[in-house]
Amino acid sequence: MYFEKVKAEYVDGKRKLIPTGEPDVFYPADDVIIAIGQENRFEWIERDLGIEFDKWDMPVVSPETFASTAPKVFFGGDAALGPKNVITAVAQGHQAAISIDLYCNGLDISDRPAPDTKLFSTKMGIHEWAYDNDVTTDNRFIVPQADKKETLSNRLKEVELGFDLATAFKEAQRCLNCDVQTVFDEYKCIECDACMDICPTNCITFTTNEDDENSLRMKLLVPAINQEQELLVSDTLKTGKVMVKDEDVCLHCGLCAERCPTAAWDMKQFNYNTAKAGHLCYA
Amino acid sequence: MSRVNDFVVRFANVNGTGSASANYLFAKSVFRMGVPVSAKNIFPSNIQGLPTWYEVRVSEKGYLGRKEGIDLMISVNPQSFKKDIASVRSGGYFLYDSTKPLHNEFLREDIHFIGVPLMEICNREFTDPRQKQLFKNIVYVGAVARLLNIDTNIIEGLFAEQFQGKEKLIAPNVKALHLGSDFIKENFSFPLDFYVEARDLVGDSIMIDGNSAAGLGAIYAGATVVSWYPITPSTSLVSSFESYAKKLRKDPLTGKNNFSIVQAEDELAAIGMAIGANWNGARSFTATSGPGLSLMSEFLGLAYYSELPVVLVDVQRSGPSTGMPTRTQQSDFISAAYASHGDTKHVLLIPSTPTECFDMMADAFDYAEKLQTPVIVMSDLDLGMNDHMTPAFKWDDSRKYQRGKVLTAEQLDALPQWGRYRDVDGDGIPYRTLPGTHPTKGSYFTRGSSHDENAAYSEDSPTYVRIMDRLLKKLETAKKMIPAPEVHLGEKKSDVAMLYFGTSMHAAEEALDILKNDGASMDAIRIKSFPFCNEVKEFIENYDRVFVVEQNRDAQMRSLLINELEIDPKKLIKVLNYDGTPITADFILKNVHQHLFQSIN
Amino acid sequence: MTYIKPKFAHPRLPENKLGYTRKEYEGSLSTLCAGCGHDSISAAIVDACFELNIEPHRVAKMSGIGCSSKTPAYFLSNSHGFNSVHGRMPSVTTGANLANRSMIYLGVSGDGDTASIGMGQFTHVIRRNVNMTYIVMNNGCYGLTKGQDSATADYGSISKSGHVNSFEGIDLCGMAIELGATFVAQSFSGDKAQLIPLIKAALSHSGFSLINVVSPCVTFNNNQGSTKSYDYVREHNEALSSIDFVPVREEILTEYDHTKLKVVEMHDGSLIKLNKLSPEWDPQDKLSIMTALHKSHERHEILTGLLYIDSESVELNELINTTNVPLNTLTEKELCPGSEILEQICSDLR
């Protein structure tokens, strides 16, 4: 196969490949695979359609509605706001679909339906929870791979074999339960300290409040030094103390809620349903 | 007919007048003359004023059991005159204080009266009222010595020992002794037709009571913590431990005690402390009697189930309830064997002599620690509180205390895993740890609630059953460890046999001797421990009938034999003495003959 | 899985002088009712032992029967524990203490275990001044048998079922002082700031120390009308002083106001600093505290803090002149007099 020799030049910050004028180079090959470049190029869109392009020669797209400047044209995926992962692409597709639906119904596409979110208690009874709150100390399981001799000699051989069923379940059990949150209701709290005493990571402290957040952080059973993680600080309780929780080390194990006699603590699961076109989300 | 070295003398006194030590002088002087003697103090549950008796049997043949029929009665207690006169055998003698004349109504034609004016002599010779009372006792000892041909030099020697450090008391005592002796010399013919003649029949025997022996045994066994609550007849056991400990257990450098004794607030606390100390690795014991045993039951159950060693001495007295607190019985066997609610069973040791009290007490700690369970030494009032002639105690200096399966820190480190209640060796005995042994290994929670092999709380049925079955297995191991019965076989195997234990031994052996002389020889077995060793069942199976001699009303040992060994009840014939006085050979023989006579007809 | 405690710990848990974190002082997960005051006391024990740098295996945990007596399973899992029989913990502890005087004895009991079935042993363990800390987890009721009134329930206190108590409650602290206890304190399970230094001081005291801790039973005695509920105790808690425990001479005290600050030196040289809130009371004066207790009773107040201390206390082993070496370490060499002496004894008996 022949290759043209080029060099990279930057015009207005944009990279362009300019032929050097040297003779083409020949490479002998058994097979030639033609791959598609992962780059947005819209030379094929006529520039007089009413779609505005920016200085990078990309269409101007609303990050909320995914509408272009032409009313009937919507974008999604890499074509919209540049390369992202597939999950983002799907989400953008949803948003674009909502816009199209609204537009077709003659509605304002900026007046968008909210996603459906719910926070619900997972406490079912003594020791019984609607989520799996076993805190496992297992390390991440290694995905088994096929023998390298085989995979190197046979490119059709899949390298990652995947988990067997039992390991897959175990791996799933390692869930950090980040959708389950400790929710504190100061009006129910009788300040018995049970939650503070039981927390395996000592992340709950009942203490008097401080004007300065850093002072409060240092007063906790174990000082909360990760400034990026906000503290959960309750209103002032009956005895004048506040409940302070350092979310940084919470395991979501639910022991605080288990040992709370008045359900001032609860483990609540956060459910999010993305909005869908045609009010499907309300179905 | 004269009887040398074979008679019974009884002293009738008022409690609290110092008569016991005077009477003991008499018994001891016979012993010093090399003649076997046995003394029984028959006293009331009272400190002052009620009648008390001291009975001495002199026996050339070495029979140390009590004997019925009194040859010589020394009565210095008008309260019991009538009864005392009645108790003298026909042809016997009655020595009384003749200061005041004897009422006619008391007179008996068939006995001899010897009047010694004890009060008159004392009033004449001594001035201090307390001295008058005390020396009255010595005066009659002197009189009796002369009547029975006892060498007063021996008694004087005993004074010298008794009053070491208080030498000025020797002379008035000697004086009193001779006052009595001389009065007889001047007024009566002596000796009587029964008297003492010096022999060499006591070998290296000693005279001691069972409680003192057991207290000394505990000293030798290395007991360090003693907790107790006063109760007759066990009190003197702890007193003995204390007095020996004060002499033998002082730290030579600091003068501090290598022991601790706490008088508890009750029997519950007494056994609680003993269990706590044993849990913490000290050898500890307590002593009590029937009522205390009842109170200790709950704790005994805890020690049994949580597998802690503890040694308890039950010096039995007459029950039920308060019963006759100063009279003997063997009536705690069922309650001791199965003390506490639920399925429990305890190791019992049954001594017959003070020597066995000493030995069994020393062994009891080894058994308790090796088996990790309570061991109860079943003494009784007769054994515990009376002075007995008994073989001298022996101690092997190479003997090491057997502390059982207790893990050290090094052993814990070397073990891949350890469970407090795991039967590793197959003998039913697990390994235990003591508090403070290791910073991170070997700690466990001792509890009376159901637990698994790792001492964790468990209500799991199979686990519970496993642990309960292992406890039975442990008792099987115990059977091979504790003292086997003593079997006496005649030249020719008999059809019927006799079974006895504890303080019935002397009377039973005497009865067996008499049977043998009568040509009705009987094989015999003395039980020394519970649960019964296999030899007991094997023995009983060999005979048509076995007389079971006991000192209780309900045939408790017989019940245990039936219950534990599944022996046909018809085979076990009850011989039961439960009047509170020590059993006699006559009593046994009377019962045996009666049964044999009935079965022939 | 909220019946198992996760093995995770905070990665930056502070260590004490022995290099242990609080984790090394914890026990298994409590099986008491959620919110039980007893659990707070267990946590305070964990904190006190951690802060005092006590080696856990040098502690023996002693208890009787009842909710309170279960708690030793929930703290200091590296310590031996002894869950004995009902009301008899004092005797077992006394025996254990006699066997090895070098260990720390921590007894835990309840109001039933102490003030009813165990009253006899309680009074005698005080009388003997056994070197131990005796914590009463006092909830005024029998939690394990569904909330019957106990002997410490106050007169007129109303149970959850509506029953009004017709008997006077026993004041364990007043009684202990009368009996000659050498360290008596009262506290509330919901006040760790006070409870932890009290436990530390008690553990450092040579002799018997009592801490009567009012500990609400959330299930059976936390209702309106109860005098042992969280709300009632918080409203009626009258602290005598704020307390600070200073381990063996950590801090040299300069001048202080004696009318406000009371400093008590302990047997081992450590100090208890008390910021007195009442000028009439002196923790070393029995009469002042007895008066204060009676007055607080009339005012329906619960007097808390260190009530009384005798820093000259002489504990049991000293009283009976026991050797300083733990008795359980003595061997044949020290204990067995040998055959020669036995022969001598026998010859004296001939």
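Read the figures in this text as sums done on the coordinates, not as results from a lab. Here the structure is a predicted model, which is why all the values come from computation and not from measurement. For neighbour counting, all protein chains shown are included, and Cβ atoms are generated from backbone atoms with ideal geometry for every residue, glycine included.
Here are the numbers for the structure shown:
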quantity	calculated
Backbone HN-Hα couplings from phi across segment B:334-341 [Karplus 6.51/-1.76/1.60, Hz, Gly and Pro as x]	5, 5, 7, 4, 10, 3, 5, 6
Calculated [θ] (222 nm, deg cm²/dmol) that DSSP helices of n ≥ 4 give over the protein assembly as shown, each run adding -39,500 (n - 2.57)	-9500 deg cm²/dmol
Nearest 10 degrees, 0 to 90: helix A:86-104 Cα axis against chain A principal axis	80
Förster radius 35 Å - calculated FRET efficiency between B:PHE597 and B:GLN162, Cβ distance, rounded to 0.05	0.10
Neighbour-count ranking [beta-carbon atoms within 10 angstrom, fewest first] of A:CYS260, C:CYS346	C:CYS346, A:CYS260
Gaussian network model of chain A, Cα within-10 Å springs - most flexible of A:ALA194, A:ALA89, A:ALA29	A:ALA29
Under the span-like rule (Cα at least 20 Å along the axis, Kyte-Doolittle mean at least 0.5), DSSP H helices of chain C	C:37-51
GNM flexibility winner over chain A from A:ASN177, A:ASN226, A:ASN133 (Cα, springs under 10 Å)	A:ASN226
For A:PHE53, residues with placed amide H under 5 Å, excluding near neighbours	A:VAL60
Distance between segment A:2-41 and segment A:228-283 - C-alpha centres, whole angstrom	55
14 Å beta-carbon shell around B:PRO462, net charge (K/R +1, D/E -1)	-3
Residues C:ILE345, A:ILE18 arranged by fewest to most Cβ contacts within 10 Å	A:ILE18, C:ILE345
Positive-end residue of C:SER63, C:PHE167, B:SER321, charge dipole of the protein assembly as shown with Cβ unit charges	B:SER321
Farthest toward positive dipole pole in chain B [+1 Lys/Arg, -1 Asp/Glu at C-beta], among B:SER599, B:ALA392, B:SER80	B:SER80
Estimated D of segment B:3-195 in µm² per second, where Rh is the Kirkwood radius over Cα pairs and Stokes-Einstein applies at 4 °C, 1.567 mPa s	78
Euclidean distance of C-alpha centroids, segment B:441-515 and segment A:147-199, integer Å	57
Zone of C:HIS267's modelled label, taken as backbone nitrogen in segment C:94-138 under 16 Å from a point 7 Å along Cα→Cβ	C:94-107, C:125-135
Length gained when the stretch B:ALA414-B:ASN542 is fully extended (0.36 nm per residue, less Cα-Cα span)	41.0 nm
Cut-off under 5 Å, modelled amide H: who pairs with C:SER187 long-range	C:ASN212, C:VAL213, C:VAL214, C:GLY305
For B:HIS488, distant residues with modelled amide H under 5 Å away	B:ALA524, B:ILE525, B:ARG526
Pairs from A:LYS238/C:LYS273; C:LYS61/C:LYS273; B:LYS67/B:LYS574; A:LYS118/A:LYS268; B:LYS67/B:LYS492 whose Cα-Cα separation, in the structure shown, is over 18 Å	A:LYS238/C:LYS273; C:LYS61/C:LYS273; B:LYS67/B:LYS574; B:LYS67/B:LYS492
Sparse-neighbour loop sites [GluC sites (Glu not before Pro); segment B:162-253; at most 16 other C-beta within 10 Å; DSSP]	B:GLU197
Chain C: relative contact order as a whole-number percent, Cα under 8 Å and 6+ apart	15
Computed magnitude of the charge dipole of segment A:133-283 (debye, nearest 20; Cβ of K, R +1, Cβ of D, E -1)	580
Inter-chain Cβ neighbour average for residues B:222-230, partner chain, 10 Å	4
Loop sites in segment A:207-283: GluC sites (Glu not before Pro), DSSP, at most 11 other Cβ within 10 Å	A:GLU228
Modelled FRET efficiency - R0 41 Å, A:CYS178 with A:LYS238, Cβ distances, 0.05 increments	0.80
Three-way shape call for chain C based on the alpha-carbon gyration tensor, with the a/c threshold at 1.5	rounded
Segment B:1-94 shape via C-alpha gyration tensor axes, a/c threshold 1.5	oblate
Antiparallel DSSP beta bridges within chain B, percent to nearest 5	35
Qualifying aspartates and glutamates (Cα of each under 13 Å from Cα of C:LYS192; at least 8 residues distant if same chain)	A:GLU191, A:ASP193, A:ASP197, C:ASP39, C:ASP47, C:ASP244
Mean separation of Cα contacts under 8 Å, 6 or more apart, over the residue count of segment A:78-168: relative contact order %	13
Cα Rg, Dmax (largest Cα-Cα span) when computed across chain A, Å	28.3, 86
Whichever lysines have a C-alpha closer than 28 Å to that of B:LYS132, once near sequence neighbours (fewer than 8 apart) are set aside	B:LYS28, B:LYS40, B:LYS82, B:LYS83, B:LYS100, B:LYS166, B:LYS168, B:LYS175, B:LYS185
Fewest-first ranking of B:ARG558, B:ARG146, using other Cβ atoms within 10 Å as the exposure measure	B:ARG146, B:ARG558
FRET efficiency estimate (nearest 0.05) - Cβ-Cβ, C:VAL314 to B:ASP266, R0 22 angstrom	0.35
When the protein assembly as shown is reduced to its Cα atoms, the Kirkwood hydrodynamic radius in Å	37.3
Within straight-line cross-link reach of C:LYS146, lysines at Cα separation under 17 Å, skipping those fewer than 8 residues along the same chain	C:LYS70, C:LYS160, C:LYS228
For segment B:486-600, alpha-carbon Rg relative to the globular expectation (2.2 N^0.38 Å, N residues)	0.97
Candidates per chymotrypsin sites (Phe, Trp or Tyr not before Pro) in segment A:1-98, loop by DSSP, up to 14 other Cβ within 10 Å	A:PHE42, A:TRP44, A:TRP56
Whole-number percent relative contact order across segment B:3-195, with pairs defined as alpha carbons under 8 Å at least 6 apart	22
Acute angle (nearest 10 degrees) that the helix B:19-32 long axis makes with the longest principal axis of chain B, alpha-carbon atoms	90
Label-point separation, B:ASP495 to B:PHE113 (7 Å along Cα→Cβ), nm	5.3
